[in-house]
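**Student:** Handing you a structure now.
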There are 2 protein chains.
Amino acid sequence: MVEAITHAGDGDATKRAKRSDASRQQILDVAAKLFRARGYTETSLRDIGKQVGMKAGSIYYHFTSKEELATEVLRIGVRRVHHAVVLAVEALGPTADAKSRLRAAMVAHLETLLDESDYTSAHIHCFPYVPEGLRGQLSSERKEYEEIWRKLLDDAAADGVLTPGVDRAAARLAILGALNWSLEWYDPKQGLPLHLTSGLLAAFVR
Amino acid sequence: MVEAITHAGDGDATKRAKRSDASRQQILDVAAKLFRARGYTETSLRDIGKQVGMKAGSIYYHFTSKEELATEVLRIGVRRVHHAVVLAVEALGPTADAKSRLRAAMVAHLETLLDESDYTSAHIHCFPYVPEGLRGQLSSERKEYEEIWRKLLDDAAADGVLTPGVDRAAARLAILGALNWSLEWYDPKQGLPLHLTSGLLAAFVR
DNA sequence: GTCTATAGCAAGATAGAC
DNA sequence: GTCTATCTTGCTATAGAC
């Protein structure tokens with residue numbers, strides 16, 4: 001269901017097929033789930049192993065270190081939102097206006113973050129706490145994703161639909177900040193907080 | 001400079017004077033600084049002790065556990081923003097309109113979070129990762145602070161200045177989320193991002 | 001009030017059997 | 001590919017000297 005994007009862009013498809021087996025995938029899934037729920041430092045390899053049904057030491061057959069495992073989880077996390085947002089915006093077709101594209105992007109980001117991907121929520125949740133080297137490795141993927149939003153807001157500004165008195169950088173930071181922060185208060189029992197996206201849209205675009 | 005608010009509301013002022021000495025204060029200050037920069041789990045008592053100039057074991061003379069130390073740091077953190085926001089709003093006088101009060105609250109929250117209080121930023125940074133019992137102990141203080149914002153947005157709505165199409169809960173969550181998330185990208189060299197507060201104000205109030 | 005010393009434990013990681 | 005067993009390190013916390 002999701003593996004197509006999991007390894008997208010890794011390059012060198014021939015050499016890489018070897019270890020994409022079920023165990024590896026299961027480790028990644030469990031790690032994402034626990035990193036999301038508890039955080040990076042608070043999750044031990046023993047915890048992950050227990051839920052996968054293997055001993056902590058066995059994880060080292062699939063990953064060289066906890067850090068490498070986390071790198072892969074967080075990398076998949078950015079790619080997933082990136083992919084979801086691009087898909088949602090493209091689905092509108094080339095004639096859609098800036099406001100509709102912005103709405104689609106916001107909803108897709110929120111859905112992926114809260115509902116569809118433990119990888120993405122793990123990324124958002126853990127990024128500031130993960131070892132510095134790991135953060136550096138993710139910076140290019142993060143910048144690429146940021147670019148989408150920069151463009152969305154540039155387009156809105158060019159169409160003159162951005163609320164007067166709001167500069168584009170502030171709008172981008174405010175919108176993504178508000179969306180990401182929803183991880184702190186989101187309650188799955190209440191369903192996706194779409195009043196947040198529609199509120200943001202009404203506030204920043206007119 | 002800050003102790004007045006540090007212990008405000010602890011009750012029983014007579015019994016409490018004993019251990020409010022310089023060492024205790026220094027431990028709190030260093031802990032707040034490190035919790036902000038690295039997080040709760042990533043900061044050891046040895047780290048704190050080193051910067052205070054004492055051994056880890058000595059901290060236990062002032063606090064019964066790491067958790068108790070963190071509780072105190074995070075509690076001070078909420079109280080500081082709470083206090084700063086109330087002060088900023090009250091400074092406007094009773095005739096100020098809802099928009100001005102909202103602006104003052106946003107700026108005060110941002111200033112305290114990013115610039116003035118490691119306690120507040122430690123709270124925002126660490127709260128989701130801290131042991132569950134500790135989170136429970138802070139809930140009443142957090143709710144009280146939240147009430148201020150609920151009221152600010154109720155007043156704005158009552159005055160009819162809230163942007164149409166935005167419900168009050170969404171506005172509150174979006175504004176506080178955007179402000180808190182600034183901890184992730186704030187660069188002290190750039191100064192306080194006041195374009196964020198003015199952008200939010202232009203977006204949500206008219 | 002702070003120190004030294006250490007108990008007790010859990011973590012990440014490795015080696016070799018199977 | 002996974003297990004057992006273990007090494008090493010670092011943590012919170014405690015006990016008792018000073």
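**Student:** Name every residue in the stretch B:76-98 that is surrounded by fewer than 18 Cβ atoms within 10 Å (Cβ to Cβ), β-branched (V, I, T) and part of a helix (DSSP H, G or I), in order of residue number.
**Tutor:** Once the filter is applied, which keeps residues that are surrounded by fewer than 18 Cβ atoms within 10 Å (Cβ to Cβ), β-branched (V, I, T) and part of a helix (DSSP H, G or I), the stretch B:76-98 yields only B:V86.
**Student:** Looking for whichever is of a type outside the set (K, R) and more than 18 Å from A:L74 (Cβ to Cβ) here; the options are A:E90, A:E146. Which one fits? Steps first, please.
**Tutor:** Details: A:E146 fails: more than 18 Å from A:L74 (Cβ to Cβ).
Being of a type outside the set (K, R) and more than 18 Å from A:L74 (Cβ to Cβ) holds for just one of A:E90, A:E146, which is A:E90.
**Student:** Taking the stated definitions as given, is A:T112 farther than 12 Å from A:Y145 by Cβ, without any contact (Cβ under 8 Å) to a residue 60 or more places away in the chain and of a type in the set (V, I, T)?
**Tutor:** Numbers: farther than 12 Å from A:Y145 by Cβ: no; without any contact (Cβ under 8 Å) to a residue 60 or more places away in the chain: yes; of a type in the set (V, I, T): yes.
Answer is no for this residue.
**Student:** Do we find that A:V107 is more than 13 Å from chain B (Cβ to nearest Cβ), within 16 Å of DNA strand C (Cβ to nearest atom), under 19 Å from the mean Cα position of the chain (by Cα) and at negative phi in this structure?
**Tutor:** No, not satisfied.
**Student:** Turning to a different aspect of this structure: If you scan the stretch B:32-66, which residues turn out to be within 20 Å of A:Y40 (Cβ to Cβ) and not hydroxyl-bearing (S, T, Y)?
**Tutor:** B:L34, B:F35, B:R36, B:A37, B:R38, B:G39, B:E42, B:D47, B:K66
**Student:** Next up: Look at A:S121 and say whether it is crowded, with 21+ Cβ neighbours inside 10 Å, within 13 Å of chain B (Cβ to nearest Cβ) and closer than 30 Å to A:V30 by Cβ.
**Tutor:** Taking the combined requirement at face value, the residue satisfies it.
**Student:** If you don't mind, another one. Within the stretch A:185-206, track down each residue that is in contact (Cβ under 8 Å) with a residue 24 or more places away in the chain, crowded, with 21+ Cβ neighbours inside 10 Å and within 8 Å of another protein chain (Cβ to nearest Cβ).
**Tutor:** The answer is A:L196, A:L200, A:A203, A:F204.
**Student:** Can you find even one residue in the stretch B:64-72 that is farther than 21 Å from B:A22 by Cβ, within 16 Å of DNA strand D (Cβ to nearest atom) and of a type outside the set (V, I, T)?
**Tutor:** So far as the stretch B:64-72 goes, yes, one or more of its residues are farther than 21 Å from B:A22 by Cβ, within 16 Å of DNA strand D (Cβ to nearest atom) and of a type outside the set (V, I, T).
**Student:** On to the next question. Could you tell me which residue of the stretch B:156-184 is nearest to B:E111 (Cα to Cα), considering only residues that are facing chain A (nearest Cβ under 8 Å) and of a type in the set (D, E)?
**Tutor:** Ranking the qualifying residues of the stretch B:156-184, first place goes to B:E184.
**Student:** Which one is farthest from DNA strand D (Cβ to nearest atom) among residues in the stretch B:35-63 that are part of a helix (DSSP H, G or I) and in contact (Cβ under 8 Å) with a residue 40 or more places away in the chain?
**Tutor:** Taking the stretch B:35-63 first, the residues part of a helix (DSSP H, G or I) are B:35-38, B:45-52, B:56-61.
Add one more test, that the residue is in contact (Cβ under 8 Å) with a residue 40 or more places away in the chain, and what stays is B:35-36.
Working: B:F35: 11, B:R36: 16 Å.
Out of the qualifying residues, it is B:R36.
**Student:** Examine the stretch A:142-152 for a residue that is in a helix (DSSP H, G or I), within 12 Å of chain B (Cβ to nearest Cβ) and more than 15 Å from the chain's Cα centre (by Cα), and state whether such a residue exists.
**Tutor:** Checked the stretch A:142-152: no residue is in a helix (DSSP H, G or I), within 12 Å of chain B (Cβ to nearest Cβ) and more than 15 Å from the chain's Cα centre (by Cα).
**Student:** Could you please find all residues in the stretch B:31-52 being surrounded by fewer than 20 Cβ atoms within 10 Å (Cβ to Cβ), within 16 Å of the chain's Cα centre (by Cα) and either away from chain A (no Cβ under 14 Å) or within 15 Å of DNA strand C (Cβ to nearest atom) (or both)?
**Tutor:** Within the stretch B:31-52, B:K33 is the sole residue that qualifies.
All of the numbers you see were taken from the coordinates with simple rules; none came from a lab. Computed from a prediction, not measured in an experiment: that's the story for all the values here. FYI the Cβ positions are ideal-geometry reconstructions off the backbone, even for glycines, and counts take in every protein chain you see.
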